[in-house]
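Working notes, beginning with the structure itself.
The values are calculated or read from the model by the stated rules, or taken from the named source; none is laboratory data. Given the structure is predicted, the values throughout are model-derived calculations rather than measurements. Glycine also receives a Cβ, built like all others from the backbone with ideal geometry; neighbour counts cover every protein chain displayed.
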Amino acid sequence: MFARFSCIAVIALLASGCADTSPTLGSRYITYGDTKAVETVTNEFGSTDLQMIAESMTRSLAQSGVLRGRPVVQVYDVKNKTSEYIDTRDITNSIKTQLMKTGVARFTSDNNAMQSQIDQLKLQNQSGLYKKSTVAKTGNMIAAKYRIEGSISSIVKRSSDYKDVFYKFSLQLIDVESGLAEWMDEKEIRKTTER
Amino acid sequence: MDFKFITVVAIALLASGCASPQPPVPAPGSAASKVMVMGPQKYIVVEAMRVARENGFMIVDVQLSNSAEKNKTLYYRFAWLGAEGFPVAEEEVWKSQVLYASQNRFIQGIAPTPKAVDFRLELKTP
């Protein structure tokens, strides 16, 4: 009787006990992390720097009150004056995305995407491939009232014990007609590694 | 007798749940009710808060002080809430801030959208 009961218990345990209920597959050494965490893996330009710059610049510009009446803005590439490779397009894309979500501005094609816009208009109007009623007419693009441009620079200092990196990100909003800078802000970041 | 006594003590312990005394619940709308301290931290004190609205955006200034005799690093971020108490924007990135020994300093948060009417300040020390 006891042997039969034990046998049934063991079979039940084998059948149910070792089942993996976790919705994961693969190595337990790979995990998804918090995308908003402070990243200090190295002191090169990182995700936290990008996020802090975009957040700081967007909030400052949106709250400044310069962008009244949802003006049209054109975004220019941020100049990378550091010694590192930084995809500055990521910074401007984040700023643009966050400003769009805020709803304070509208955006025309960026300076580096303007050629694609022109090519598409030419294709629709000159190729004869499209039904006339669906073709986007030329001469109706909305011109930008403002342009946004900026730069990122760095000062790097090393000693036997320390590496210090100081980043400075500057962004300005310029009125296209007058050429006046209507808003400008900076974000400074210092990262130090002690060996 | 001994067994009965132990049983009574055990039941009393179970009933009280070995619970440590709960901190007082902050009054709704008070500065303390806006701060969410994550984990134990002894030295960083939230002193005062100023909430304003400029050009439609909520701006919060918070005065922090470090009561320790050495520098302390603090991580913080704001959560922006709508009228119903739910977030109106995605989570902010955590920011790192050094407070020097016995220093008082201000941190500022600007809401990402005019829809924000309330906030929470999340604080954490390493």
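Just a few scattered comments:
- Within the range A:76-120, restricting attention to residues that are aromatic (Phe, Trp, Tyr) and in contact with a strand residue (DSSP E or B) (Cβ under 9 Å, 6 or more places away or on another chain), the residue that is farthest from B:Asn55 (Cα to Cα) is A:Tyr76.
- Summed over the range A:110-157, residues that are assigned to a loop (DSSP other than H, G, I, E, B) and on the phi < 0 side of the Ramachandran plot total 18.
- The residue of the range A:72-95 that is nearest to A:Lys157 (Cα to Cα), among those that are within 14 Å of chain B (Cβ to nearest Cβ) and surrounded by 19 or more Cβ atoms within 10 Å (Cβ to Cβ), is A:Ile91.
- Residue in the range A:167-181 that is closer than 14 Å to A:Phe45 by Cβ and surrounded by 17 or more Cβ atoms within 10 Å (Cβ to Cβ) present: yes
- Selection from the range A:73-104 of residues that are of a type in the set (A, V, I, L, M), modelled with pLDDT under 95 and under 19 Å from A:Ile174 (Cβ atoms): A:Val75, A:Val78, A:Ile91, A:Ile95, A:Leu99, A:Val104
- Considered as a group, the residues in the range A:83-98 that are in a loop (DSSP other than H, G, I, E, B) and in contact (Cβ under 8 Å) with a residue 12 or more places away in the chain include one that is nearest to A:Lys145 (Cα to Cα), and that residue is A:Ile86.
- In the range A:99-110, the residues that are more than 10 Å from chain B (Cβ to nearest Cβ) and in contact (Cβ under 8 Å) with a residue 12 or more places away in the chain reach residues that are among the basic types (Lys, Arg) and in a helix (DSSP H, G or I) with C-beta atoms within less than 7 angstrom, at least six apart or across chains, in these pairs: A:Phe107/A:Lys96.
- Summed over the range A:166-190, the residues that are among the acidic types (Asp, Glu) and closer than 13 Å to A:Ile148 by Cα give a count of 3.
- Residue among A:Asp34, A:Asp77, A:Asp20, A:Asp49 that alone is in a helix (DSSP H, G or I) and not β-branched (Val, Ile, Thr): A:Asp49
- Test for A:Lys145: is it in contact with a strand residue (DSSP E or B) (Cβ under 9 Å, 6 or more places away or on another chain), more than 30 Å from A:Ile189 (Cα to Cα) and surrounded by 11 or more Cβ atoms within 10 Å (Cβ to Cβ): yes
- Hey, B:Lys115 within 11 Å of chain A (Cβ to nearest Cβ) and in contact (Cβ under 8 Å) with a residue 60 or more places away in the chain or not: no
- For the range A:15-70, residues that are at the interface with another protein chain (Cβ under 9 Å from one of its Cβ atoms), farther than 21 Å from A:Thr102 by Cβ and in contact with a helix residue (DSSP H, G or I) (Cβ under 7 Å, 6 or more places away or on another chain) total 1.
- Residue count, the range B:72-94 (criterion: facing another protein chain (nearest Cβ under 10 Å), out of contact with any strand residue (DSSP E or B) (no Cβ under 6 Å at 6 or more places or on another chain) and not β-branched (Val, Ile, Thr)): 2
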